[in-house]
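Nothing in this text is a laboratory measurement; each read-out follows from the coordinates by a stated rule. Computed from a predicted structure; not experimentally measured. Every residue, glycine as well, gets a Cβ built from its backbone with ideal geometry; the counts of neighbours run over all protein chains shown.
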Amino acid sequence: MIGRFILLLAMSLALALPARAQDLSALAQYAPARSQIAQSGDKLAITLGISQPVPYRAFLLADPYRLVIDFRELNFGANPPENLLKGSDAIKGLRWGKFRPGWSRMVAELAHPMRLVSSEERTKGDPQIALTLAKVPAAKFTPRKGAADSALWDLPQPAPTPAPHRRQDGTRPLKVVLDPGHGGIDPGAEDGGAHEADIVLGFARQLRDAMRRAGMQVVMTRDQDVFVPLETRVTVARAAGADIFISLHADSIAEGRATGSTIYRLDDHAETEATRKLVQRHDRDDILAGVDLNGQGDAITHILVDLARRDTQPRSVRLSQVLAGAIKGAGLHMHKRPVQGANFSVLKSPDIPSVLVELGFLSSPADRARLKDPDWRARMAAAITKGVETWAQADAAEAKLLRQ
Ligand SMILES: [Zn+2]
């Protein structure tokens, strides 16, 4: 029922939205052999061959006169735009490339003012986008309205379009974002002369090295004693194209005698609230990798975020369980409830499996001693690395199954 509703919804949006938020690998390719720019008198015909139909829009800008075409997920690859320019003096320069997540842009600098006579996408046979332009006097030139918009949609630098992020399937190195908690003006917990911010940064560096030795790619949200806002930590993960996100902490508790490591993942009950908050956000640029949610209604954004989360949450749960198993398996001390749900901001990425590891409690003298012990730290780093490897293998196997 829900599936059918979403399918209808996607169709009504004229392919502007993928059926599954994360499955954006079906990238349309630019076909140079079926593309040309033909000039005849004052008319200009631009034909762009594409491997599959894509949503697009074309408009004109002034100062200088330009034709701009935005495409949803069109990969120009390494094809140089100069090859398309041959035989036309109405276009002075041509650039194309990735423009913003999920969108590509082509910009043609026009030698003189023109108007857009027609613009259509042919979907029968070999798909193509065909535009016709005609020369007009400067007084009749009508650029797209809204100066703010043209400022926002900055022109791209020529760059090949990288493929949007796709779920890891074992065919490339796993990209891990490590997030040492606190830092700078926020030292975190302080107990017995130890500072959480220092301890987790030192441990993160050690873990990074262990993971790199295991062939993973590692990005840190901070590698110094600096303050990083919680939202930024999640943004760093998205910008890095993270496969997983691991936040590292060693907090204190005022009461009780808790000891041992704990793995947190987003609480099931917190999911709905997290999605609602994301949908309310004004700037939707980086909610989902490779999906432009700007201009989408709240209902559609909610559905897409929800779909992504439905894929991601079980993967986060498995990551938390496998990590707990690996730490236990290495004979390291765990909290009596080793895996728990929590409502932490850094765990709220809808499309990146995320966990928070409380390495131990600074408030416990035994944990504090362990956290400072080089041997314990090396064993813990090895255990987490092994856990991530185990998880990644099973996760990749599932990704392959889902694709079939
Ligand atoms: Zn902390």
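Data table
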read-out: Anchor residue 140: lysines whose Cα lies under 18 Å away (excluding residues fewer than 8 positions away in-chain); value: 43
read-out: Long-range HN-HN contacts of residue 339 with modeled amide H, under 5 Å; value: 263
read-out: Euclidean distance between Cα centres, segment 192-266 to segment 326-367, Å; value: 11
read-out: Ellipsoid semi-axes in whole angstrom, largest first, where each is sqrt(5λ) of the Cα gyration tensor of segment 27-152; value: 22, 18, 13
read-out: DSSP beta bridges in segment 175-403 [antiparallel fraction, %, rounded to 5]; value: 25
read-out: Equivalent ellipsoid semi-axes, segment 347-404, via Cα gyration tensor eigenvalues times 5, rooted, Å; value: 32, 15, 6
read-out: Percent RCO, i.e. relative contact order, over segment 53-101, from Cα pairs under 8 Å lying at least 6 residues apart; value: 27
read-out: Reach of residue 400 by Cα under 13 Å, taken over aspartates and glutamates that are not fewer than 8 positions away in the same chain; value: 23, 169
read-out: Order of 73, 109 - criterion: other Cβ atoms within 10 Å of each residue's Cβ, fewest first; value: 109, 73
read-out: Anchor residue 98: aspartates and glutamates whose Cα lies under 16 Å away (excluding residues fewer than 8 positions away in-chain); value: 70, 73, 154, 285, 286, 292
read-out: Rounded if a/c under 1.5, otherwise prolate or oblate - segment 305-369, Cα gyration tensor axes; value: prolate
read-out: Segment 27-152, relative contact order [Cα under 8 Å, separation at least 6], %; value: 27
read-out: Above-threshold pairs, the threshold being 28 Å between Cα atoms, out of 328/348; 336/372; 277/336; value: 277/336
